[in-house]
Amino acid sequence: MKQSLTEQYEASFRDWLGVRAAFAFFKGRVALYAALRGLGIGEGDEVIVSGYTCVMAVNPIMYLKARPVYVDIDPNTYNVTPDLVKTCITERTKAIIVQHTYGIPVPVDAIREIADGCGAALLEDCCLAVGSRWKGQIVGTFGVASYFSSQWNKPFTTGLGGVLAVNDDGLAGRVQDLCESHLVQPTLRENALLALQLAIHKAFIYPSTTAMSQEMFRMLGRTGIIVGSSTPGEFMPEMEEGFFKAMSGPSLRTGLKKLQHLKANQVHRKRLTKVYDEALRDRGFEPLQVHHDADPILVRYPVRVNDKNRALREASNKRVELGSWFECPLHPKETNLGLYGYSEGECPHSERASDEVVNLPLHPRVSDRTVRRTVEFIAPFLKASDS
Ligand SMILES: *Cc1c(COP(=O)(O)O)cnc(C)c1O
């Protein structure tokens, strides 16, 4: 029997990661929603989540009327730690979502023990971590499920797209049922526009023009001419009609190709990470430090600067590609934190990182020359290691 495009992509992803099942969705956030629904998360339940994240990773918790509990980060890894997670456990904790920020792996085995100890489900947010390893094991295989995003800025892009990887047959069956009964298809217009955007992306986006084209994409997204990564309604904690949507055909086709070239993408990222390390060391700055059990494949290279706003402004003027996420504990800055139950000062290390961290590009179009140029640009802004 001939497999559909969706089945082919899901099977390729499942086999690449080495899990029981994989489900493709319109976006990563939809995959998280499917996981939480499949786990039966609902009103009154608590879900532990990093306090240094994107609001789109919190919305599915809110949609189900559960309560997000924010954990602060370790300032060196930008990740939650087992000790910090432990302090947030209550008898209402139903799930712990571990986010491998920038591709840096969390000590996820220790957090799995905590989850097992209190009967909570462990989920991994791998939206920024494709292929990173902790103690030799690939992230996304530690929890009962993990989710991935292949949106524009992610480790590999399919325009928009998300995958839920599931390691438990019971959960896989419930997600399958949910998809069969509730998943809606993208519209013809969404499919056509995504195909167009993917073609434009392939042809035009290079590091020197990325800031410009991203701004253009964002503007067009607001006007509804293109399929933006978020609709205006997605900045609110209530689910919009049509949220639970399947991955589009053009994205699936792109994803099947990208999965075949994942290895080259990862080798490239690891090599350029070393080039960044060296270039920073040459200028007297400490490169990114990771735990000796961690083998990261970074999505972007994070550094701390003294004046983030000025750095971003000048980068834009000089056409240097600089990323600014996360800009607040629940990125973007416009998020109404109160609506999400986050109180100011709750995660001080996250708030400080939001003010200080910018990230440097590592995607397939970055060359050694881009790295040197980027480091040359950013060096005068960098914070000294000991401050
Ligand atoms: C991008 C991202 C998401 C959401 O992915 P979408 O495909 O945009 O829904 C979730 N978590 C993290 C850490 C992300 O960076």
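The values are calculated or read from the model by the stated rules, or taken from the named source; none is laboratory data. Note that the coordinates shown come from a computational prediction; the quantities given were computed from them, not determined experimentally. Reconstructed Cβ throughout: ideal geometry from the backbone, glycine too, with neighbour counts over all protein chains shown. Side chains included, ligands, DNA and RNA excluded: accessible areas come from the protein's heavy atoms. Shrake-Rupley method; radii C 1.70, N 1.55, O 1.52, S 1.80 Å.
Considering only P329, N317, Y301, and ranking their Cα positions along the charge dipole of region 291-367 that arises from unit charges at the beta-carbon of Lys, Arg, Asp and Glu, the one farthest toward the positive end is N317. Rolling a 1.4 Å probe over the heavy atoms of the protein chains gives region 97-173 an accessible area of 23 Å² per residue.
Charged side chains reduced to their Cβ positions (Lys and Arg at +1, Asp and Glu at -1) give the chain a dipole of some 1660 debye around its Cα centre. Between N309 and E240, the simple label model (points 7 Å from Cα in the Cβ direction) yields a spacing of 2.9 nm. Highest GNM mean-square fluctuation, the chain, Cα pairs closer than 10 Å: which of A192, A165, A21? Between A192, A165, A21, it is A192 that shows the largest mean-square fluctuation. In the context of the full protein assembly, H331 retains an accessible surface of approximately 30 Å², using a probe radius of 1.4 Å and ignoring ligands and nucleic acids.
Across M236, M62, the residue with the most accessible area heads the list, and the full order at a 1.4 Å probe is M236, M62.
Specify whether the C-alpha gyration tensor of the chain places it in the rounded, prolate or oblate class, a ≥ b ≥ c being the square roots of the eigenvalues: rounded for a/c under 1.5, otherwise prolate if a/b is larger than b/c and oblate if not. The shape class here is rounded.
Heavy-atom accessible area, probed at 1.4 angstrom with all protein chains present, ranks D45, D168 as D168, D45, highest first. Starting from the Cα of T231, move 7 Å in the Cα-to-Cβ direction to define the label point; list residues of region 13-36 whose amide nitrogen is under 19 Å from there. What the label zone holds, given the 19 Å backbone N cut-off, is 25-34. Relative to a virtual label point 7 Å from the Cα of D116 in the Cα→beta-carbon direction, which members of region 131-147 show backbone nitrogen distances below 13 Å? The answer is 142-144. In a fully extended conformation the segment linking D169 and D368 would gain 67.2 nm over its present Cα-Cα distance, using 0.36 nm per residue.
Putting +1 on Lys and Arg Cβ atoms and -1 on Asp and Glu Cβ atoms, find which of V19, S343, Q266 reaches farthest to the positive end of the dipole of the chain. It is Q266. Legend: residue pairs K86/K263; K27/K270; K135/K274; K65/K135; K258/K333, Cα-Cα distance threshold 30 Å; pairs beyond threshold, K86/K263; K65/K135; K258/K333. Between Q3 and H261, the FRET efficiency from the beta-carbon distance, with R0 = 30 Å, is close to 0.90.
Would you mind classifying region 163-204 by shape? Square roots of the alpha carbon gyration tensor eigenvalues, ordered a ≥ b ≥ c; an a/c under 1.5 is rounded, otherwise it is prolate if a/b is larger than b/c and oblate if not. In terms of gyration-tensor shape, oblate. Calculated mean residue ellipticity at 222 nm for the chain: -12500 deg cm²/dmol, from DSSP H runs with n ≥ 4 weighted as -39500 (n - 2.57), summed, divided by the residue count and rounded to 500. If you take the alpha carbon atoms of region 142-211 and fit the smallest convex hull around them, that volume is 105 Å³ per residue. Identify, among T87, M62, A129, the residue whose Cα sits farthest towards the positive end of the charge dipole of region 48-198, taking +1 on the Cβ of Lys and Arg and -1 on the Cβ of Asp and Glu, with the dipole about the Cα centre. Most positive-ward Cα: M62.
Cα gyration tensor of region 307-387, axes a ≥ b ≥ c as square roots of the eigenvalues: rounded (a/c below 1.5), prolate (a/b > b/c) or oblate? Verdict is prolate for region 307-387. Solvent-accessible area of the chain (1.4 angstrom probe, protein heavy atoms only): carbon and sulfur portion equals 52 percent. Note on Y70: accessible area approximately 10 square angstrom, rounded to 10, probe 1.4 Å, nucleic acids and ligands left out.
The calculated Kirkwood hydrodynamic radius for region 272-348 is 15.3 Å, given to one decimal from all distinct C-alpha pairs.
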